[in-house]
Structure formats: C-alpha cells, structure tokens
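Novice: Please see the structure below; I have some questions.
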Amino acid sequence: MAHRESQSSDEERLLPRDGSSLLNPNCAASRKISENTNSSEAPITNHPVRPFRRFWRRTLTLLVIPFGITAYYFVIWLRFKRNPDDPVKYGSAIEIWIFYSWFAIGVFGLEWSKYGLVGVESAMLQASFWKAPNAVALMMHSESSWSGPDGWLNLQKRLNHRLWYLLAFLSLLAYVAFPLSGLSFETADGYVPLMTHPLVIGHTWEDFNRRQKKFYDSGAWKGWEIGSPATVPGFGVIYTPGYLHREDYSSFKRVPNTLPLAEGIPEIFLAPQAEAPVSGKAWGIHAGYNCSMVKDASEFTILGQKSLSSFYGSQDASSDDDQLAWVRLKTPSEQLIYAFSSSSNAGDAINLWGYAEMGVSNTSTTTYDGTEPGSFNDSGIAKADILEFSLWQARLHGAYGDNDAEFNSTLDPVVRGMGQPITQAPNGSFVRNDSFFKIQSIKGYGDHYNISTDPPGTVMTLAPAIGIRCRVVSNLGAAELDPVQTTFHSFTQTSSPPFNSSREEEETPRLGNIAQNTMLGRYIQIFTASSSPAPITVSNSYLYQSYIQPHMLQRSIMLAYAMDALQLMYDGTYGFEGAWSHTNLTSSKPGKVLVSGRIPQGIIAGFFATWAFGCMLLGISYGFRRRWSDSLDGYSFFRFGVELADKVKDKPDFWAAREFYHSTTLESLPGLIGDMQRNGRYDHRSIELSNIGRRRKLATSQ
C-alpha cells in the first residue's frame, strides 16, 4: 500500500492537474480513473483524447522537391554536357534560361530540403531506433540545429545522437552541392539555331562536273607547292561519324577545321559551308584516307612489281608547272609506276639530288561512275585507291666550299630491303646501278629520260630509301548534319552526278587523282609543301640543311590529298561572293550556351543523388506515419517545458548552466516523445517517463 501511495504521488506531480499532457496529445483515455489508494492520494486526471494525425505537405515536399532538383541537374549534366574547349559550341536558345533558373532553384533548394526534413524529424523521434536518449539530445533538435553551419561548427559541444547526424548529413550534402553546382557548369559564347536558310559555298550534285581540269589541277598543285593550310572555308566544319573521337585529331580542335596532315582519318564528310554552324540534310563528299610511313619493301604492293614491269611511256619536263620529266611503267597487275629524277632540272637543288618512284593502282583517271566503293567497311577498303611513293637522295658538294655546313643526314624510318639507284665503287666513286633500272623491256628505263649515265660527280653521301603508302576511299551522297556533335549520320550514296559532254569538258575525277598529278614529277618542292625551313644562302647559291625526312614526305602527300578534296568540294575558294541559299539546312546565330565548369559534374551529381535518395527513403519510411505534431516547433518545446517544470525548477544545476547541454539535470531526463510502440493507437509515452502509462495499468490491476 505504501508503494502504491508513492507511485500515485509521483504521477500526480509529473502530470498536469488539468488533464492535458503537453507531450501526450494522443492519449486514448478520456475519463477519470479512480485509483484504489489511500484517501491522502490526490486524484489523477487523464489527458483528453488528441488523435495523432498525418501531415502531407512536408512529406510530399520531401519526396518531390529533392528528386525534382536532382533530376533537373542530371538533365543539365547529360543533355548539355559540353567541353568548354569544344571548337563548335552549338546549343539551344533556352540554355541561358536554364542557367538562370538553376541559380533561382539554388536559392530556395536548401529551405525546401529543410522544410521536408523538419517534418519527418518529428515522426522519426517517435521511432525506437531514432529516439533521443535524453532531454538534452531532444533539445538539440530545437531550431533545426542540424540544418546549418551553427550546428555543424559546434558539433564537439553537443550531445548528439544518430538521428541528428543523419539529418545533418543530408543537409550538409545539399549545402555543399548547391554552391558547387554553380562551378560545375557555366555559360560560354556559342551558337543557337535559327529557322532561316543559310548562304553556303560548295558544289551540289547538279553542278559537280561543271568545271575545267586546268583550274582544279593548277589550283591544287599551286596551293600544295606553297604549303597552304588545308583549311575548310566558311565556318569550316569537317563532319565525322559518331564513333570517331574528334579530340584525338589535332586538326579538329579549332574552327575552321583543317584536313589532317599528320595522321590519317578513317571517315569524313565534306558538306557545303556557311558562316555559322548549320543543321539539316546536305549533299557532299564522303571520304577517308590515310598515308603511313613504310618500313619494309614488302609493304609496297605496286612498286614491288617494278622489275617485272614494262615501259609504258614518258614525258619531258614541263616549265609551266615545274614538273620533272618522268617515265611510266606498267606492272603485271595492270597498275602504273612513275619514276623521275632531279637530274632533269638540277638547278633547283644545289646540294641535293633525288630520285623517286610513285606507284598508283589505276591506269586511268577514275570518276564517280558507280565503280567507287559503296561503304567504308572491310570490303570497301579493299577497293581503296592506292598511292605508293619511295624516295632516294644524295648530298652533293656545294659550289662555294660550303662542305662543312651543318647537315642533318639522319632518316627515320627508312625502307629496308630496297636497292639503290647509285652505288659506290671500290675506288670510292659513285656510279649508276644498272641492275636497279632493269625491267622487262630491252633496255633499262633509265635511258628513256634524263638520268645521267653517270651520277652527279659531286656526290658526298647517299641516303637510304624512305617511303609512304596511301589508301583513299570516297563516294558522293547526302547525310544528316548534327552541329551539336559536329557529326553526320544517315549517309545515303547518290548516283553519278549529271555530265553533259556537249557543255562540260570532262567528268570531275575521283578523290586521289588530283593528288597523284600534284606529286608526279616534283621533288624539291616537298620542302615548301611540308612547311620545312628554307635553305640557307651562301654567296649567290642556296643550300638545304637536311634530306627530305619521312614525316616531311608524309605531310606533303597528305597535303596533296587535302588540296584535292578542297578543290573537289569548294574549288579551293574561300569567299562567299558566289554563295547560294541551301533550303535543306537551317542556320544559327551567336548566343550563350552551357559548358562544363571547373568542378566535374559527376561529383556534384553524386552529391545530389545521395541527398535525393536519402530524403525519399526517409519520406517513404516515416513521412506518412501519424504523429503528434507537424514539426518539432517552438510550441512543442513550450509544451515540453510546461510538463517538465516540476522536475527541474528546484534544481540549482538547471539554473546555473550556461547552455542547456551543460545541465546534468536535463541530461538525466528521458527524451522520449510520442507513442513509440503503438504509433498512436492506444496511449502516449510522455517525455519524462516513457512507461508511465504502463505503470498506471499496473496499479489499476493490483
């Protein structure tokens, strides 16, 4: 009996006499319970019924807003991912507004996150796993200290628990992600689409054959001879297929693009050019070519047949285009080999002598007549046009005692297994190697053109052969142009362009023919074509300081192909005086587009994804549960204070503590709130004694 009297007295002090528990809004009892105690016990009034409720607004905010913001960022990242160094920045007119809208979202995003988390916080505190261990830990949730720098910076002073840390972690993710996201993308000068048709330059299918040979031949070799840049006119975009990594090619790193001179390219599409990026469907030249350095004679499939070839004609030197005299051989496989030497015009090279052989796979000029490869797969490449070029050189004595001048005689790589047109006799003199020139005809082909019976008498050193082998594939057709990626797709080969022999001189040759004519009979011009250093002047003569190097020969041949392509598509012109309106294309204008920033967007996307997933998980797990309040607001803590008043008001430690977390009295009080076991279905566990309802039932049963 004494025990029950003490128990009832404790309960009377802990529960307000008016019957409204400030922490027990969901008590199931609504009537007074008469206890079988002594008459000295004060009556206990149960709390009125205040059913738990569901609060939808904060839960829906927590589910929708973080997910929507994260999805929006992923759209920006994946849809508008663009390198700031991309030469062509083509985007949408809305990108500038996307940029502004993101910063507007960032202003409200943190508060939206906090608004939703504050709601789920009150529900999670009712769960046994997330409960606050004492009143100090519970009060740590006041003012949402987990949501800002004040709470984070004073972390070492707090008595926190797992829920506080979880909410702080999610808040910190958003707090870090939003500011850094502004550094993960930015605006840059680019182009945005227009609905107007552009003015372009370039040939069409209808007028491809409306030109004369002398113009495109001379235009190509003149541009080649002076080493002109192989720049595409206008805005200058060379379109490539989607599988090609454009960043691997130096010629595509800026606009206008240039045709490659140091590396081959498997597939390109040359379309009419405007003064800004265009989109739509266009007709053009679909091509691919590659020139590689030869290291062994076995790699030459045409020049390797020279000894079995027969004489097939010759031509004297031409003063009009500085072309050396050449002789032509025909191989057993019906291919051609051209041979020429600088002996026919020795005045061009004071201290160098050169002999070259050029093999080509076609015996006549090829055109786009349907015999060209229809694809760029293995079967198409097997039909590629071939050009092989080998070069032998000798250093000669200078005319003014300049034999000690610096000279680079190193060549790398050289062609192994090739003979020499000149050999050194046992007495040290240099003589012609007659066996080198033997073919199936009666006499050696060296007698058919100006290769002297004796080599130049001033030979100092002989260089081993160097060689280049090229393959080219091309056809004509139409393709869709993508200015965003500067790629083409959906290529469709067209029939042969129309040709009217009564109005047009001849059909325009296929890519590679003009390049062959450019390289034929030219030796010393390779120096200027490859943009190599000019010779030094000695008195009234000049001296070259090195042999033609393999990379110089490769660059010059690649330039010949580039000049060939520019002539075929654009006639080698760069002005827009003859521009025409392309009705299948749409133009663009300068504008602001989004580009990647200094911070990798994938890192920020990871922050947002973790934040959104965490918020959704908490919202789904706890947001829809019934709870005693919408949030742990000031009114809630006021109710807590009223209910705890009798337990702390007489404690000196409570009044002396500078901060609540310094009070041992508060630390000794439980921090349980809400119905932790039954989720509002039966009774409520108060903040100060979670098992008070259980005690009352025990007392009644006794």
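Novice: Ranked highest first by the average count of other Cβ atoms within 10 Å around their residues, in what order do 116-125, 164-173 fall?
Specialist: Details: 116-125: 25.5, 164-173: 19.6.
The most tightly packed comes first, giving 116-125, 164-173.
Novice: Then there's this: How do PHE252, PHE108, PHE491 rank by accessible surface area computed with a 1.4 Å probe, from largest to smallest? Don't jump to the answer; show the numbers that get you there.
Specialist: Working: PHE252 5, PHE108 110, PHE491 55 Å².
Largest accessible area first, the residues go PHE108, PHE491, PHE252.
Novice: Which ³J(HN,Hα) values in Hz, rounded to whole numbers, follow from the phi angles of the range 521-529 under the Karplus curve 6.51 cos²θ - 1.76 cosθ + 1.60, where θ = phi - 60° and Gly and Pro get x?
Specialist: Ordered by residue, 3J(HN,Hα) equals x, 10, 10, 5, 5, 4, 4, 6, 5 Hz.
Novice: Separate question: Calculate one ³J(HN,Hα) per residue across the range 176-186 by plugging θ = phi - 60° into the Karplus curve 6.51 cos²θ - 1.76 cosθ + 1.60, and present them in order as whole Hz with x for glycine and proline.
Specialist: Working through the residues one at a time gives 7, 5, 4, x, 5, 4, x, 9, 8, 8, 8 Hz.
Novice: Okay, next question. Taking a ≥ b ≥ c as the square roots of the eigenvalues of the Cα gyration tensor of the range 527-617, is the shape rounded (a/c under 1.5), prolate (a/b larger than b/c) or oblate?
Specialist: Working: a/c = 3.90, a/b = 1.84, b/c = 2.12.
It is oblate, given that a/c is not under 1.5 and a/b is not larger than b/c.
Novice: Another question, then. Loop-only trypsin sites (Lys or Arg not before Pro) in the range 569-627, please: DSSP not H, G, I, E or B, and at most 13 other Cβ atoms within 10 Å. Spell out each step's value before the answer.
Specialist: On the way: sites: LYS592, ARG598, ARG625, ARG626, ARG627; in loops: ARG598, ARG625, ARG626.
In loop regions of the range 569-627 (DSSP not H, G, I, E or B), the sparsely surrounded trypsin sites (Lys or Arg not before Pro) are ARG598.
Novice: So for the range 286-435, averaging the separation of alpha carbon pairs under 8 Å that are six or more residues apart and normalising by length, what relative contact order in percent results?
Specialist: Values: 212 pairs, mean separation 31.3, N = 150.
The normalised contact order for the range 286-435 reaches 21 percent.
Novice: Let me ask something else. Check GLY477: other-chain or 5+ apart residues with amide H under 5 Å from its amide H, H built from backbone geometry?
Specialist: Here the answer is GLY284, HIS286, THR494, since their amide H atoms fall under 5 Å of that of GLY477.
Novice: Just want to confirm a number: the relative contact order over the range 240-356, from Cα pairs under 8 angstrom separated by 6+ residues, in percent. Don't skip to the end; give the middle numbers.
Specialist: Working: 142 pairs, mean separation 16.1, N = 117.
This gives 14 percent for the range 240-356.
Novice: Same structure, new question: For every other residue with a beta carbon closer than 11 angstrom to the beta carbon of GLY313, add +1 if it is Lys or Arg and -1 if Asp or Glu, then tell me the sum. All intermediate terms of the calculation are to be shown ahead of the outcome.
Specialist: Working: positive: ARG328, LYS330; negative: none.
My count for the surroundings of GLY313 gives +2.
Novice: Give me the distance between the Cα centres of the range 497-540 and the range 195-248, rounded to whole Å.
Specialist: 16
Novice: Further question on the same structure: Can you give me the % of accessible surface on the range 506-636 that is carbon or sulfur? Probe 1.4 Å, all protein chains present, nothing else counted.
Specialist: Working: 2780 of 4960 Å².
Here carbon and sulfur together make up 56 percent of the probe-accessible area.
Novice: Once you've got the Cα coordinates, tell me which of LYS222/LYS592; LYS253/LYS330; LYS214/LYS330; LYS222/LYS253; LYS253/LYS592; LYS214/LYS383 are over 31 Å apart. Intermediate results must be reported in sequence, preceding the final value.
Specialist: Values: LYS222/LYS592 41 Å; LYS253/LYS330 43 Å; LYS214/LYS330 26 Å; LYS222/LYS253 27 Å; LYS253/LYS592 20 Å; LYS214/LYS383 28 Å.
The answer is LYS222/LYS592; LYS253/LYS330.
Novice: Show me the ranking of peptides 493-503, 570-580 by mean Cβ neighbours inside 10 Å, starting with the highest. Let's see the in-between values first.
Specialist: Numbers: 493-503: 12.1, 570-580: 13.8.
Peptide ranking by packing, descending: 570-580, 493-503.
Novice: Each residue of the range 73-82 in turn: what ³J(HN,Hα) in whole Hz from Karplus with 6.51, -1.76, 1.60 and θ = phi - 60°, glycine and Pro shown as x?
Specialist: 5, 5, 4, 4, 5, 7, 7, 10, 5, 8
Novice: With a 10 Å radius around each residue's Cβ, average the other Cβ atoms per peptide and rank 458-467, 560-569, highest first. Mind dumping the intermediate values first?
Specialist: On the way: 458-467: 18.9, 560-569: 26.4.
Per-residue mean Cβ counts within 10 Å order the peptides as 560-569, 458-467.
Novice: Turning to a different aspect of this structure: Of the heavy-atom accessible surface of the range 271-319 (probe 1.4 angstrom), what whole percent is carbon and sulfur? Kindly include the intermediate steps, with their values, before the conclusion.
Specialist: Working: 920 of 1960 Å².
C and S atoms contribute 47 percent here.
Novice: State the percentage of accessible surface on the range 66-136 attributable to carbon and sulfur atoms; use a 1.4 Å probe and exclude ligands, DNA and RNA. Don't jump to the answer; show the numbers that get you there.
Specialist: Working: 2210 of 3200 Å².
Carbon plus sulfur share of accessible area: 69 percent.
The values are calculated or read from the model by the stated rules, or taken from the named source; none is laboratory data. Keep in mind the model is a prediction, meaning the values are calculated, not measured. With ideal geometry, Cβ positions are generated from the backbone for all residues, glycine too; neighbour counts draw on all protein chains shown. Note: areas computed on protein heavy atoms with side chains; ligands, DNA, RNA excluded. Shrake-Rupley method; radii C 1.70, N 1.55, O 1.52, S 1.80 Å.
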